[in-house]
Amino acid sequence: MGDLHHTYGAFSDDGAEYVITRADTPMPWINVLTNGDYGLTLSQAGSGYSWRTHASLNRITRWDQDLIRDEWGKYLYLRDTESGAFWSPTWQPCGITLEDYRVRHGMGYSVIEGHHDAIRSTVTYFVPQDAPCEIWLLRLENTGDRPRTLQVTSYFEWLLGAAPDWHREFHRTFIATEYDAGLGVLLATKVLWDLPVESKTHWNRSWPYVAFHSASQMPAGFDSDKRDFVGRHGDLRQPQALREGRSQRRAGRWGDPIGSLTVEVTLALGEAHEIAFTLGAADDRAQASAIVERFRALDAVRTALDETRSFWREIAGRLVVETPDPALNRLANGWLQYQAIAGRLFGRTAYYQTGGAYGFRDQLQDSLVWLLLGKPEKTLDQIRLHAAHQYQDGVVLHWWHPLAESGLRSEYSDDLLWLPFVLIHYLRETGDFRALEQVVPFYDGGEATLREHCLRSFGLALSRRSARGLPLILKADWNDGLNAVGAEGRGESVWMAHFLHGLLVWWIELGLADDVTMRRFQQAADDLRAAVNMYAWDGDWYWRATTDAGDLMGSRRSPEGRIFLNAQTWAALGGTAPDDRARQALASARAHLYSDYGPLLLAPAYTTPNAEIGYLSRYAPGTRENGGVYCHAACWAVLAERQVNGAQAAYEVWRSFCPPARAAVDPDRYSGEPYVMPGNVAGPLAPSPGQAGWTWYTGSAAWFLRALVEGVLGVEASLAGLRVHADLPEGWDQFRIRRWFRGVRYTITVRRGGADEPPGCKVNEAAWEGDLLPIAEPGSEQVVVFTI
């Protein structure tokens with residue numbers, strides 16, 4: 001077992017897996033496995049669900065969001081034909097504690113191992129890179145003193161469409177199951193798809209896929225009706241099919257549709273045997289048949305598994321970080337990248353939130369992770385995708401559904417500005433100004449260059465200002481929960497002023513504006529800066545917003561919600577605050593918001609719902625945005641601390657909400673997975689301060705990685721090249737980072753020199769002046785050493 005060990009598990013020695021040694025984790029500890037189209041979630045108990053393209057509109061299997069019982073999923077049963085005893089190779093559904101139970105969550109795969117009744121079982125779950133399916137590779141080994149014959153039976157419930165299908169008695173009547181005896185495959189189709197698109201009639205569209213379930217050896221039986229399998233008043237712990245040891249072999253249109261196959265295995269003493277189960281959703285029957293035939297061969301299964309592992313291994317290896325902090329190293333060398341890509345960009349779903357849609361601001365920010373990995377073309381792909389969901393007037397869709405291409409026209413003040421924000425980062429990373437001239441359509445017709453898309457965002461944002469010159473918050477800014485603050489069009493947002501000011505200045509600095517636009521943007525930036533400092537400075541910090549009624553939020557005069565984090569951090573990041581006010585604002589944040597488990601989003605929490613503020617005030621005090629640590633915003637505190645107070649301050653904040661570090665102290669209180677970021681951590685008014693929630697599906701993963709690279713390590717991209725602000729946290733002798741930049745691999749070491757060593761920098765053994773590294777030829781390597 002590797003480091004950061006506690007009662008529920010630890011990272012493997014190489015950090016590539018998280019090994020869970022007990023099934024009774026405080027909350028479900030899951031993995032998200034996806035190739036960008038097909039995917040599944042899998043908990044340490046063996047539960048979870050599957051989807052294709054959209055986890056809510058195109059769910060393959062049924063699942064109920066009950067994180068306490070965690071008893072819905074896709075399961076296997078093992079039954080001894082001689083004794084009739086049966087169990088599962090996972091904790092669910094039978095609830096039998098297997099000896100040596102281990103769950104190994106890796107990047108792109110999970111393995112669940114155990115031993116029961118002299119049978120050792122190993123199930124490896126993964127999604128092939130090039131097929132819309134998942135595979136469960138089961139290995140059975142007879143460790144006893146006699147031959148064994150086992151029945152291996154699968155079980156799950158078909159959904160096939162929009163989830164949840166809460167009106168099951170309605171939806172089940174549209175699903176048809178069929179068993180193809182020649183292929184040994186169970187097929188399922190549905191003649192209803194409740195897709196949110198404009199249509200002449202309702203409920204008059206067929207689900208256009210063919211779902212399938214097969215095994216690598218021909219089944220001895222099958223079931224496709226829940227009643228046949230479970231039995232009247234039955235349950236999954238003791239289903240009728242397992243008690244009786246036989247299948248009913250019925251399929252058709254009239255049952256409660258499930259998928260269940262039974263195969264028989266005979267094991268001699270010491271013998272091992274492998275079976276691969278496949279579950280998927282194909283474009284048509286021909287594709288389904290081809291996939292079934294392909295993965296009937298175990299060699300093809302193993303090859304697909306190797307390809308999946310190699311894909312994620314290559315991604316994890318594109319950013320390498322070595323520091324004296326094991327918790328930092330474990331997250332930075334693959335897990336944060338994996339969470340941001342698999343959980344947020346590819347899957348867009350998890351356990352705490354089942355999604356599938358694109359958020360305009362959400363996946364744009366997530367795509368910044370590709371820049372840190374030296375794959376900027378993927379960030380540009382995301383920029384183009386989101387630009388295509390902007391209206392000609394500059395408004396964007398707050399979110400939209402792939403498959404349906406329908407969404408919500410944004411009434412949020414900030415959404416449209418994340419397009420130039422991410423494009424600015426792309427340009428700093430690449431210097432690819434030709435991207436500005438790429439033509440992208442508008443959502444409501446017509447087309448324009450990316451430059452013009454951004455200018456329309458700026459133009460509309462600048463038109464939405466109050467008489468005092470502060471941006472209107474509308475029906476919320478970045479903080480969605482402030483959805484009533486400016487619903488009538490008068491409330492102001494100080495955070496938006498900081499954010500918009502920074503964007504205008506950065507746009508000008510990159511030389512992206514003509515003379516007329518540059519003067520207009522510079523004047524607008526000056527006006528915003530003046531308005532913020534004239535009206536929003538509250539003596540020791542910046543207030544957050546005004547309501548439609550003119551009441552201040554985040555002011556020392558506020559009885560609750562007296563200080564907000566984003567109004568302080570972005571005063572520094574956006575460049576609106578003079579140096580003395582930036583220092584004072586962060587000092588106030590440290591005094592009132594920073595906790596042992598991260599910076600709170602606001603304090604004190606609201607204890608009574610306030611209809612003038614919105615649903616933020618309706619969360620339980622200390623929960624999520626209402627006085628908890630909202631990790632996305634906490635990452636910005638790391639960056640602000642680095643800018644104002646240096647590496648040590650940034651590192652202290654970063655580590656305060658670092659999952660493996662927090663879980664190592666008290667895994668039961670922390671509750672969340674130690675290997676991925678939570679969306680939030682409970683605040684001081686919650687019954688369990690420091691408890692993590694909303695893991696996996698959170699924008700904090702990509703931001704936590706960026707906060708580490710730029711905020712803690714001080715390595716950031718600029719148009720002129722990579723810049724290294726060489727500094728070390730207390731107690732560190734050195735760190736090393738390997739990072740791609742414009743096709744060049746930079747290996748950068750920052751170290752403390754001895755008493756007789758002068759400070760300085762060397763690039764490929766040659767002395768180099770300054771903190772801006774040379775831009776080298778693509779394909780080359782640059783070895784950089786800073787001595788401080």
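The values are calculated or read from the model by the stated rules, or taken from the named source; none is laboratory data. These numbers were taken from a predicted model, which means no experiment stands behind them. Note that we place each Cβ from the backbone using ideal geometry, even for glycine, and neighbour counts take in every protein chain shown. Ligands, DNA and RNA are stripped out before the accessible areas are found, and what is left, the full protein with its side chains, is counted by its heavy atoms. Shrake-Rupley method; radii C 1.70, N 1.55, O 1.52, S 1.80 Å.
Can you give the extra length, in nm with one decimal, that the chain gains between Ala297 and Arg669 once fully stretched, where that is 0.36 nm per residue apart less the Cα-Cα distance? Walk me through the intermediate numbers first.
Working: separation 372, 0.36 × 372 = 133.92 nm, distance 4.54 nm.
Separation in residues times 0.36 nm, less the Cα-Cα distance, equals 129.4 nm.
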Scattering profile of the stretch 593-686 from the Debye formula, Cα beads only, expressed as log10 I(q)/I(0) at q = 0.25 Å⁻¹, is -1.20
Where only protein heavy atoms count, and the probe is 1.4 Å, what is the accessible area per residue for the chain in Å²?
-> 35 Å²
Once both label points are put 7 Å beyond Cα along the C-beta direction, the Arg69-Asp580 separation in nm becomes 6.3 nm
Cα gyration tensor category, rounded, prolate or oblate, for the stretch 253-405 with a/c compared to 1.5 | oblate
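Excluding Pro376 itself, calculate the net charge of residues whose Cβ lies under 13 Å from the Cβ of Pro376, where each Lys or Arg counts +1 and each Asp or Glu counts -1.
My count for the surroundings of Pro376 gives +4.
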Taking the highest mean first, how do the peptides 243-252, 485-494, 116-125, 710-719 order by number of other beta carbon atoms within 10 angstrom per residue?
-> 485-494, 710-719, 116-125, 243-252
Please identify the chymotrypsin sites (Phe, Trp or Tyr not before Pro) of the stretch 162-194 that satisfy two criteria: DSSP loop assignment and at most 14 other Cβ atoms within 10 Å. Which are they?
-> Trp166
The stretch 419-495 - Rg (one decimal) and Dmax (whole number), Cα, Å = 15.4, 42
Kindly express, to the nearest 10 degrees and within the range 0 to 90, the angle between helix 418-430's C-alpha long axis and the longest C-alpha principal axis of the chain.
-> 90 degrees
In nm, the gap between the two label points placed 7 Å beyond Cα toward Cβ at Asp515 and Ala755 is 6.1 nm
Please give every one of the lysines within straight-line cross-link reach of Lys200, meaning a C-alpha to C-alpha distance under 21 Å, and leave out same-chain neighbours fewer than 8 residues apart.
-> Lys190
Once the Cα atoms of helix 647-656 and of the chain are each reduced to a long axis, what angle between those two axes, in degrees from 0 to 90 to the nearest 10, is obtained?
-> 30 degrees
So what are the ³J(HN,Hα) numbers for the stretch 234-251, from phi and the Karplus equation (6.51, -1.76, 1.60; θ = phi - 60°), rounded to whole Hz, Gly and Pro as x?
-> x, 9, 7, 6, 9, x, 4, 4, 7, 5, 8, x, 8, 9, 8, 6, 10, 9
Taking only Cα atoms, what is the 0 to 90° angle, nearest 10, from helix 494-509's long axis to the longest principal axis of the chain?
-> 80 degrees
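Given the Cα-Cα distance of Ala181 and Asp145 and 0.36 nm per residue of separation, how much length would full extension add, in nm? Could the numbers behind the result be given before it?
On the way: separation 36, 0.36 × 36 = 12.96 nm, distance 3.57 nm.
Contour length minus Cα-Cα distance gives 9.4 nm.
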Amide H contacts of Lys74 (H built 1.01 Å from N, under 5 Å, at least 5 apart or other chain) = Gly48
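For every other residue with a beta carbon closer than 13 angstrom to the beta carbon of Thr303, add +1 if it is Lys or Arg and -1 if Asp or Glu, then tell me the sum. Please report the intermediate quantities before stating the final value.
Numbers: positive: Arg294, Arg302, Arg309; negative: Asp130, Asp299, Asp306, Glu307.
Charge balance near Thr303 sits at -1.
Helix-only mean residue ellipticity at 222 nm, the chain, DSSP H runs n ≥ 4 weighted -39,500 (n - 2.57), per residue, nearest 500. What is it?
Values: 20 runs with 201 residues, N = 788.
Helix-only estimate at 222 nm: -7500 deg cm²/dmol.
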Determine ³J(HN,Hα), in whole Hz, for all residues of the stretch 276-289 in sequence, where each value follows from phi through the Karplus function 6.51 cos²θ - 1.76 cosθ + 1.60 and θ = phi - 60°; x replaces Gly and Pro.
-> 10, 9, 10, 9, x, 9, 9, 5, 7, 5, 5, 5, 4, 4
Determine, from the Cβ-Cβ distance of Ser83 and Ala272 and an R0 of 25 Å, the FRET efficiency 1/(1 + (r/R0)^6), rounded to the nearest 0.05.
-> 0.75
For peptides 683-695, 286-298, 744-756, sequence by mean Cβ density within 10 Å, most packed first | 683-695, 286-298, 744-756
FRET efficiency for Glu612 and Leu408, Cβ-Cβ distance as r, R0 = 22 Å, nearest 0.05?
-> 0.45
Thr177 accessible area, assembled protein chains, probe 1.4 Å, Å² | 10 Å²
Scoring only Lys, Arg, Asp and Glu (+1, +1, -1, -1) among other residues with Cβ under 9 Å from the Cβ of Tyr412 yields -3
Taking Cα centroids, how far is the stretch 520-587 from the stretch 66-107 in Å?
-> 54 Å
Accessible area (Å², 1.4 Å probe, nearest 10) - Met218 = 90 Å²
Between Gln238 and Glu447, what is the label-to-label distance in nm when each label sits 7 Å out along the Cα-to-Cβ direction?
-> 6.6 nm
Karplus-derived 3J(HN,Hα) from phi for the stretch 311-317 (6.51 cos²θ - 1.76 cosθ + 1.60, θ = phi - 60°), whole Hz, x at Gly and Pro, runs 4, 6, 5, 5, 5, 4, x
Quick one: in the chain, what % of C-alpha pairs are over 40 Å apart?
-> 38 percent
